[in-house]
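Below is one structure; the comments refer to it alone.
No value in this document is a laboratory result; all are computed from the given coordinates. Here the structure is a predicted model, which means the values were calculated and not measured. Positions of Cβ are backbone-derived with ideal geometry, glycine not excepted, and every protein chain shown enters the neighbour counts.
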Amino acid sequence: MRFVRCVDGLTYEFVREGDAHGFPAYKRVDRDIWCRRLPDFGWVVCLESGQVSARPFDDAGQGAVPPEGVWVSRKGDRSYVYELTHGEGRSVGL
């Protein structure tokens with residue numbers, strides 16, 4: 001699974017690593033950052049502590065896997081738009 005930052009193509013790879021709250025959990029390959037489904041909240045990207053840094057833009061994502069498409073993140077005073085894809089190629093988006 002990968003997140004591609006729309007403004008510059010920067011890509012973050014995540015791999016399946018166990019489960020959290022009864023759903024698959026995905027860890028970013030280069031840092032301790034997770035994509036998890038939080039109870040009563042939906043899919044997010046978060047730190048191990050649970051601090052949320054990104055989430056789907058159009059739908060909180062209540063399915064069994066993170067929803068493909070547009071996600072938004074916040075880091076300090078900056079926000080970014082990403083496109084999540086489960087496969088090797090980019091999905092059609094922005």
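The table for this structure:
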| read-out | value |
| --- | --- |
| Cα lying deepest toward the dipole's positive end in the chain, options Q62, L84, V29, charges on Cβ | V29 |
| Tail fraction, Cα-Cα pairs, the chain, threshold 16 Å, whole percent | 50 percent |
| Length gained when the stretch R16-V52 is fully extended (0.36 nm per residue, less Cα-Cα span) | 11.1 nm |
| Loop GluC sites (Glu not before Pro), the range 1-49 (other Cβ atoms within 10 Å of the site Cβ: 15 or fewer; DSSP) | E48 |
| Computed E for D8/R74 - FRET, C-beta separation, R0 22 angstrom, nearest 0.05 | 0.80 |
| FRET efficiency estimate (nearest 0.05) - Cβ-Cβ, F23 to V81, R0 30 angstrom | 0.80 |
